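Right, one structure below, let's go through it.
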Amino acid sequence: MPINGLPADSRCTSSFGIAELHMGEGFPDLMRRADEALYLAKNAGRDCVRVSTGPADGLALVKIGQPRISGRG
């Protein structure tokens, strides 16, 4: 979808890192997990989401979606 103000050949992408606050977890740990998930999403390609499922065993992640490959779907 075109975005007003951007050249027609420009493309916006977005990546997200998501974490849910668990009982007994502090806000700094929550933000650290969300930040780590974000960087994993960015490193996986464009238009990715990574979810940190909890603090118990470090950074447990669930992958959501797949990066888009140009010319497909």
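The values are calculated or read from the model by the stated rules, or taken from the named source; none is laboratory data. Owing to the predicted nature of the structure, the values given are computational and were not obtained by experimental measurement. Cβ atoms come from the backbone with ideal geometry, glycine included; neighbour counts cover every protein chain shown. Just the protein is used for accessible areas: all its heavy atoms, side chains included, with ligands, DNA and RNA removed. Shrake-Rupley method; radii C 1.70, N 1.55, O 1.52, S 1.80 Å.
Applying the condition of being open to solvent by 100 Å² or more (accessible area, probe 1.4 Å) and among the acidic types (Asp, Glu) to the range 1-25 and asking which residue is farthest from Cys48 (Cα to Cα) yields Asp9. Here the range 31-43 is the region considered, the condition is being hydrophobic (A, V, I, L, M, F, W, C) and free of Cβ contacts under 8 Å to residues at least 24 places away in the same chain, and the residue that is least open to solvent (accessible area, probe 1.4 Å) is Ala34.
Of the candidates Arg11, Arg33, the single residue that is of a type in the set (Lys, Arg) and part of a loop (DSSP other than H, G, I, E, B) is Arg11.
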